[in-house]
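Trainee: The structure is given below, and queries will be raised subsequently.
Please treat every number below as a calculation from the coordinates, not as lab data. Please read these numbers as outputs of a predicted model, since none were measured by experiment. When we count neighbours, we look across all protein chains shown, and the Cβ atoms used for this are built from the backbone with ideal geometry, even at glycine.
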Amino acid sequence: MAVESGTWEGVDLASLASREGTPLYVYSAPAIRSRVGALRQALAGLQAGIRYAVKANGNGAILRLLAEEGAGADIVSGGELRRALRAGIAAANIVFSGVGKTEEEIVFALEVGIGRFNVESRAELDTLQRIAAARGKVAVAAVRINPDVDAQTHAKISTGRAENKFGVSIEEARSWFSSKAAWPQVRLDGLHMHIGSQLLSLAPVREALARMAAFWRELSAAGHAIASIDVGGGLGVRYRDGEQAPDAAEYAQAIREALQGFDGKVLVEPGRWLVAEAGLLLSRVVLVKPGQSRRFLVLDAAMNDLLRPSLYEAWHDIVRVGGAVGREEQAYDVVGPVCETGDTFAKARLLPRCEAGDLVAILGAGAYGASMASTYNSRPLVAEVLLERGRHAVVRKRQTFDAMIAEECPVTEWIPACAT
Ligand SMILES: Cc1ncc(COP(=O)(O)O)c(C=O)c1O
């Protein structure tokens, strides 16, 4: 593989690390473009729209690249909405998901004219009605169905079971449609679902689609016009060499089969699938520590930079960058310097023998990597670069210490409690 031999997209990774420092998020522009193209091709024939889930990676340069390729956005906060708009994504191509949209966020989204609210509760529907009425606007909405399907993924990223906080039951959604007149400023003409992330089997997707399709047919028969069906995101990727993940064509075929006869807009909200494998986290070995019972490879990257292994026990392939030839393999616990035992990227991982100063790449880090990063242990946010045919561009500067603490202030004044 190119990364192991030391280059990616024609860029020498050792020189890149020397110039930009480590840890460093590195993304491939061609890899992202090729994913969008493959998905678009797979969905051909459907009146489909891609609404990229900004949470996967909200870097402005990546959003701009996706916007140029024609993708819209799925957002879950006012901040993500601002990012999407700033990247040139048309408001009409933005959908707003999330169980806890605040009034402020709803007002902002209505004012800029977003395409659709994916409504997740009766309380949210009431709020949307009230805010839209007060502004003389009509909010376009879809109901997020919780189809009660086991997505067969990690519990923390499973969202389509009855016990999960997301969406409403089909029974509740049915009552919304039959009482539509109660929300005259809301045009409720869409269905939405998202059953979970990193789905490696299409069986749960098919099951959920079948439930949603049956509901759409029932609503149509009852005279409700359904203009849009949003099937969510979730398509899984290969984090591990040899792992099987569904391909876009199979996924699109499952959508096509379930929604046969639907002549409205079909929306998809992939995040991970578009960007995960297009990114890696480049890190330098700080030291090798022979522990009492394990050999630790201590990197300069840590859980605050890439949280997935700590949070989900997620596997990422890790490779030594360049010069592996002739080095025997050793088993390492690959860890970061943060003061948590959970700051572990891999256990007993076989790698060509490593020394302090070597570079390693943690693969599949383009999604839910930088976007989930924090400054825990007072470690500034790392830089991000985009690669394109032998060149790179810095798309996020490394945070300075001063920037990291800029919003903190000493006590200069105690504000008395307000009288009630
Ligand atoms: C509503 C919604 N849509 C889309 C996504 C994107 O999921 P993925 O990155 O697995 O495609 C998520 C992820 O949590 C989500 O909550």
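Trainee: For region 315-420, which GluC sites (Glu not before Pro) pass both filters: DSSP loop (anything but H, G, I, E, B) and at most 14 other C-beta atoms within 10 Å?
Mentor: Counting only loop positions with at most 14 other Cβ atoms within 10 Å, the GluC sites (Glu not before Pro) in region 315-420 are 328, 340, 355, 407, 408, 413.
Trainee: Oh, and also: Among DSSP beta bridges whose residues both lie in region 98-268, state the antiparallel percentage, nearest 5.
Mentor: Just about 5 percent of them are antiparallel.
Trainee: Now for a different question. Express the relative contact order of the chain as a whole percentage, based on alpha carbon pairs under 8 Å and six or more residues apart in sequence.
Mentor: Relative contact order of the chain: 20 percent.
Trainee: Applying a 10 Å radius around every beta-carbon, put 393-405, 50-62 in order of their mean neighbour count, most first.
Mentor: So the order, starting with the most tightly packed, is 50-62, 393-405.
Trainee: Please figure out what share of the DSSP beta bridges in the chain is antiparallel and state it in percent, rounded to the nearest 5.
Mentor: 45
Trainee: While we're on this one: Specify the inter-centroid distance of region 69-86 and region 341-411, based on alpha-carbon positions, in whole Å.
Mentor: Comparing the Cα centres of region 69-86 and region 341-411, I get a distance of 23 Å.
Trainee: Taking the Cα centre of the chain as origin and charging only Cβ (+1 Lys, Arg; -1 Asp, Glu), how large is the dipole, in debye to the nearest 20?
Mentor: Magnitude of the dipole: close to 460 debye.
Trainee: What whole-number distance in Å separates the alpha-carbon centres of region 229-271 and region 188-226?
Mentor: If we compute the Cα centre of each part, the gap is 12 Å.
Trainee: Okay, moving on. Say a paramagnetic label sat at a point 7 Å from the Cα of residue 91, along Cα to Cβ; which residues of region 107-123 have their backbone N under 12 Å from it?
Mentor: Only 107-116 pass the distance filter.
Trainee: Please rank 154, 316, 192, fewest neighbouring Cβ atoms within 10 Å first, as an exposure proxy.
Mentor: In order of increasing Cβ crowding within 10 Å: 154, 316, 192.
Trainee: Have a look at 209, 228, 155 and report the one farthest towards the positive end of the charge dipole of region 98-268, computed about the Cα centre with Cβ charges (Lys/Arg +1, Asp/Glu -1).
Mentor: Sorting the options by dipole projection puts first 228.
Trainee: Pick out, from 72, 102, 117, the residue whose Cα sits farthest towards the positive end of the charge dipole of region 56-130, with +1 on the Cβ of Lys and Arg and -1 on the Cβ of Asp and Glu.
Mentor: 72
Trainee: Further, regarding this structure: How much FRET efficiency would the formula 1/(1 + (r/R0)^6) give for residue 126 and residue 408, where r is the Cβ-Cβ distance and R0 is 56 Å, rounded to 0.05?
Mentor: 0.90
Trainee: Express in nm, to one decimal, how much length is gained between residue 68 and residue 292 on full extension, taking 0.36 nm for each residue of separation and deducting their alpha carbon distance.
Mentor: In short, 75.4 nm is gained.
Trainee: Further question: Which length gain, in nm to one decimal place, applies between residue 210 and residue 222 when the Cα-Cα distance is subtracted from 0.36 nm times their residue separation?
Mentor: 2.5 nm
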